[in-house]
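Below is one structure, written out as C-alpha cells; comments come after it.
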Amino acid sequence: MDQRKAHRWQMMDRITQLKHHLTAIEHAIQTAEANAGREKQSVRLLAVSKTKPATDIEALYALGQKCFGENYVQEAAEKINKLNELDIEWHFIGHIQSNKTKQIAATFDWVHTVDRKKIANRLSEARDGKPLNILIQVNVDLAKTKSGIAPSELTDLAKFIWNLPNLKLRGLMSIPDPESDDQLKQSHHYLKILFDNLKRDHPTPEIFDTLSMGMTHDVELAVSEGSTMVRIGTALFGARAPKE
Ligand SMILES: *Cc1c(COP(=O)(O)O)cnc(C)c1O
C-alpha cells in the first residue's frame, strides 16, 4: 500500500473509532437520564479534547458534536484558529491564570473555572460583544484540592458576577477528588443543593441552568444527582498521554 493510502486508512479507522465512542457515550447519557427519571436531552455532552488533534475535533463535529472543552490556552487557541470555519461552542475548563484572562475572554464561549472576583472582573473587562457564559467552580471536597471557591463564599462571588456587565452566570461546576464512590456521590449531591439554593436567589433564574459535573468514570452517578453537562475526554478520545 502506498503511504497516502495507508494514511487515509488510518484516518478512516480513527473516524470509525470516534463514531463508536460517541454513540456509546450518548447511549450512556440517555440511559442515565431514563434511569434517573430525567427528561430526554436534559444533559449535554461536552467533548474534552485537550491534548487531542484538531482532526479528531473535526471528525466529531461532522458526527454532530458541537461543544468542545479545552484546558490549555495556547493549545486551544491553535485548534480554535484552525477550525474557525466550524460552528463550535468552545468551553474553557482549565485553571485560569490572570495573565491569560484577556485571551480566554476573546477566544471562548464558556468558562467553567471561575473561582475568584479578580478573575471574574478581568474576564468581564476583556470581553467584547456577547456576554461570556460563566460557571463558578466550587471546591466540594475542601480537604484535598485547592481549585474552586469554598461553598461558604459562593453566594458572595455569585452576586458579584451578577453585577458584571459582560458575564452571564449560567451555573456551577466541580472537579471532585473523592476517596470513594460514596464520597463522590455526596460531593455531587452537595453541588446540586448549592445550585438549587443559588437559583432561588438568582434575579433571572431561567438563565441559571447549567450544572457541569461528571466525567468519564461517573456519568451515571452525576446524571442521577442532577448534572446537566458531563465533560468527557477519555471515553471519547481514548487515554491521554501523561502531561510532561
Ligand atoms: C480532563 C478533564 C475532563 C475529562 O476527563 P475524563 O476523565 O478524561 O473524561 C473533565 N473535566 C476537566 C475539568 C478536565 O480537566
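The values are calculated or read from the model by the stated rules, or taken from the named source; none is laboratory data. Just so it is clear, the model here is predicted, and its values are computed rather than measured. Neighbour counts run over all protein chains shown; Cβ positions are idealised from the backbone, glycine included. Remember, those area values only see protein heavy atoms, side chains included, never the ligands or the DNA or RNA. Shrake-Rupley method; radii C 1.70, N 1.55, O 1.52, S 1.80 Å.
Hey, how much of the P(r) for the chain falls beyond 30 Å, as a percent of Cα pairs? Please report the intermediate quantities before stating the final value.
Numbers: 7708 of 29646 pairs.
For the chain, the share of Cα pairs beyond 30 Å comes to 26 percent.
For each pair in 66/168; 168/199; 146/192; 40/79; 82/168; 50/118, compute the distance between the two Cα atoms and list the pairs where it is over 24 Å. Spell out each step's value before the answer.
Numbers: 66/168 20 Å; 168/199 13 Å; 146/192 20 Å; 40/79 31 Å; 82/168 27 Å; 50/118 26 Å.
The pairs that break the limit, which is 24 Å between Cα atoms, are 40/79; 82/168; 50/118.
Just report the Cα centroid separation between the stretch 115-178 and the stretch 201-227, whole Å.
Result: 15 Å between the Cα centres.
Can you list the GluC sites (Glu not before Pro) in the stretch 1-91 that are in a DSSP coil and have 15 or fewer other beta carbons within 10 angstrom? Display every interim value, and only then the final one.
Numbers: sites: 26, 33, 39, 58, 70, 75, 78, 85, 89; in loops: 39, 85.
Listed in order of number, the matching sites are 39, 85.
Given a cut-off of under 8 Å on Cα pairs at least six residues apart, what relative contact order in percent is computed for the stretch 7-114?
Numbers: 106 pairs, mean separation 22.0, N = 108.
This gives 20 percent for the stretch 7-114.
Which whole-number value in Å² is the accessible area per residue of the chain, probe 1.4 Å?
The answer is 54 Å² per residue.
So, with a 1.4 angstrom probe, what is the percent of accessible area on the stretch 3-237 that is carbon and sulfur?
Working: 5890 of 12110 Å².
Exposed carbon and sulfur together represent 49 percent of the surface.
When only C-alpha pairs under 8 Å and at least 6 residues apart count, what is the relative contact order of the chain, in percent?
On the way: 401 pairs, mean separation 48.0, N = 244.
Taking the mean separation of contacting Cα pairs over the length of the chain, I get 20 percent.
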